[in-house]
Amino acid sequence: MLGTGYLGATHAACMAELGFEVLGMDVDESKVAALSEGHIPFYEPDLEPLLRKHAESGRLRFTTSYEEVAAFGDVHFLCVGTPQSKGEYAADMRYVNGVVEGLAPHLDRPCVVVGKSTVPVGTAARLQELITALAPAGERAELAWNPEFLREGFAVEDTLRPDRLVVGTSSETAEATMREVYATAIAAGTPFLVTDFATAELVKVSANAFLATKISFINAMAELCEATGADVTVLADAIGHDARIGRKFLNAGLGFGGGCLPKDIRAFMARAGELGVDQALSFLREVDAINMRRRAHVVDRARDMVGGSFLGTRVGILGASFKPNSDDVRDSPALNVAGQIQLQGAQVTVYDPRAMDNAAVLFPTLAYASSAVEACTGADVVLHLTEWQEFREMDPSVLDGVVHEKRIIDARNALDQERWRDAGWTYRALGRP
């Protein structure tokens with residue numbers, strides 16, 4: 001595994017669980033040392049025990065050496081990140097390019113290099129030429145593209161029991177190797193789709209663009225519901241019964257964030273522009289705009305609830321990660337809202353079950369609490385921004401005598417509104433009466 005971040009560490013542990021000998025490689029020596037001891041630098045349910053199990057057995061090891069990786073592996077997975085470039089929408093390809101340039105000169109025997117990173121279409125063809133030019137093995141070092149479809153919070157399950165496997169290659173040898181790698185999943189009935197490079201590259205970004213569009217669609221409907229007095233949750237249930245539409249990802253609220261959807265749809269638009277077909281994806285600009293507008297809308301609603309100004313108010317924030325069951329705060333809508341409210345004069349205190357340390361690094365000027373009760377102490381309004389189970393199941397009575405005013409904005413439409421209202425709270429949600 002080249003790259004041992006979220007994707008690489010998860011894939012490494014799961015490949016070891018499937019019975020393979022695995023060597024993970026990273027240029028970060030401290031990360032390699034921690035992983036070698038069975039510790040991961042992020043939170044993902046079920047991953048650390050799995051990684052520790054195989055690190056202790058010796059089936060899973062880690063190194064900083066490209067030379068050692070090349071000598072060890074028959075299959076090399078590229079698992080490095082493709083963040084958004086600074087100052088533009090395009091993907092930053094320096095890590096993908098760097099890992100290929102570091103690995104290829106040491107490939108002196110037949111092998112398959114497998115790209116898993118989310119990249120602009122056309123990248124695989126370029127990398128195959130680069131590998132052939134740099135590797136002593138030449139054309140015997142073959143490339144396949146195998147996009148990842150991991151959901152944070154469910155990454156181990158998604159790796160061991162994927163809903164589909166996509167492999168882009170024109171090589172029968174590479175295809176046979178990938179079928180061997182994924183033999184367990186294939187035997188369990190997982191669809192195995194073989195495509196060309198470009199199609200394989202487009203699968204992940206197309207899926208993310210569709211999901212982002214679906215989320216922004218229902219959030220646009222939430223805006224209409226607020227203007228008309230309709231209930232977006234009932235609307236979503238009704239249209240979700242249509243098999244052509246489905247109910248998943250029709251939960252109106254604060255919108256999407258994280259390290260994938262926002263930057264992937266922007267990179268998708270940028271690549272379409274480079275290819276001269278930018279109009280084909282122009283709708284994604286509105287998808288992005290609707291999503292970002294949700295954050296400002298929550299800030300506006302909170303300001304209205306405290307009388308039109310945040311100056312001199314206290315605001316309790318429940319949630320910092322971009323989604324539950326994760327400590328990932330990259331492009332987190334929750335932290336974005338918290339930061340905007342603080343800038344407008346409020347004293348803001350945040351609590352999250354897992355993401356506190358990461359949040360404090362990204363937003364050091366916010367106050368952080370060790371519990372939901374502490375975060376809400378003295379609050380003039382409470383904002384529910386990440387739908388952790390702890391918050392969904394919380395008894396409103398635990399905040400009696402704690403908050404200054406019983407006001408709550410359920411920005412994820414995930415709380416039991418009758419329960420909170422019966423407890424004496426002024427309850428507001430998004431797209432609901």
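The values are calculated or read from the model by the stated rules, or taken from the named source; none is laboratory data. Being a predicted model, the structure only gives us computed values, none of them experimental. Methodologically, a virtual Cβ is constructed for each residue, glycine included, from the backbone with ideal geometry; neighbour enumeration extends over all protein chains shown.
Taking Phe42 as the residue in question, decide whether it is under 17 Å from Cys14 (Cβ atoms), hydrophobic (A, V, I, L, M, F, W, C) and surrounded by fewer than 19 Cβ atoms within 10 Å (Cβ to Cβ).
So Phe42 passes the test.
Would you point out the residue of region 97-114, among those that are buried (at least 17 other Cβ atoms within 10 Å of the Cβ) and in contact with an Asp or Glu (Cβ under 9 Å, 6 or more places away or on another chain), that is nearest to Asp331 (Cα to Cα)?
Among those that are buried (at least 17 other Cβ atoms within 10 Å of the Cβ) and in contact with an Asp or Glu (Cβ under 9 Å, 6 or more places away or on another chain), it is Val113.
With the structure loaded, tell me whether Leu60 is under 29 Å from Gly138 (Cα atoms) and assigned by TED's automatic domain parsing to the domain that holds Leu150 or whether it fails that test.
It is true that Leu60 is under 29 Å from Gly138 (Cα atoms) and assigned by TED's automatic domain parsing to the domain that holds Leu150.
Can you find even one residue in region 34-49 that is in a helix (DSSP H, G or I) and under 20 Å from Leu127 (Cβ atoms)?
no
Restricting attention to region 63-87, report how many residues are out of contact with any helix residue (DSSP H, G or I) (no Cβ under 7 Å at 6 or more places or on another chain) and either among the charged types (D, E, K, R) or not assigned by TED's automatic domain parsing to the domain that holds Glu101 (or both).
Matching residues across region 63-87 total 3.
Out of Phe363, Phe322, which single residue is of a type in the set (Phe, Trp, Tyr), modelled with pLDDT of 95 or more and farther than 30 Å from Cys225 by Cβ?
When all the criteria are applied, what remains is Phe363.
Residue-by-condition table, conditions (1) of a type outside the set (Phe, Trp, Tyr); (2) buried (at least 22 other Cβ atoms within 10 Å of the Cβ); (3) in a loop (DSSP other than H, G, I, E, B); (4) modelled with pLDDT of 95 or more:
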site: Ala13; (1), (2), (3), (4): yes, yes, no, yes
site: Phe20; (1), (2), (3), (4): no, no, yes, yes
site: Lys86; (1), (2), (3), (4): yes, no, yes, no
site: Tyr95; (1), (2), (3), (4): no, no, no, yes
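Of all residues in region 138-171, how many are acidic (Asp, Glu) and surrounded by 17 or more Cβ atoms within 10 Å (Cβ to Cβ)?
Residues that pass the stated criteria total 4.
Of the conditions (1) of a type in the set (A, V, I, L, M); (2) crowded, with 20+ Cβ neighbours inside 10 Å; (3) within 23 Å of Tyr43 (Cβ to Cβ), Ala360 fails just one. Which one is it?
Of the numbered conditions (1) of a type in the set (A, V, I, L, M); (2) crowded, with 20+ Cβ neighbours inside 10 Å; (3) within 23 Å of Tyr43 (Cβ to Cβ), the odd one out for Ala360 is (2).
Table: residues versus (1) closer than 26 Å to Phe20 by Cα; (2) in contact with a Pro (Cβ under 6 Å, 6 or more places away or on another chain).
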residue	(1), (2)
Leu193	yes, no
Asp196	no, no
Thr199	no, no
Val203	no, yes
Ala212	no, no
Leu235	no, no
Asp242	no, no
Arg247	no, no
Ala252	no, no
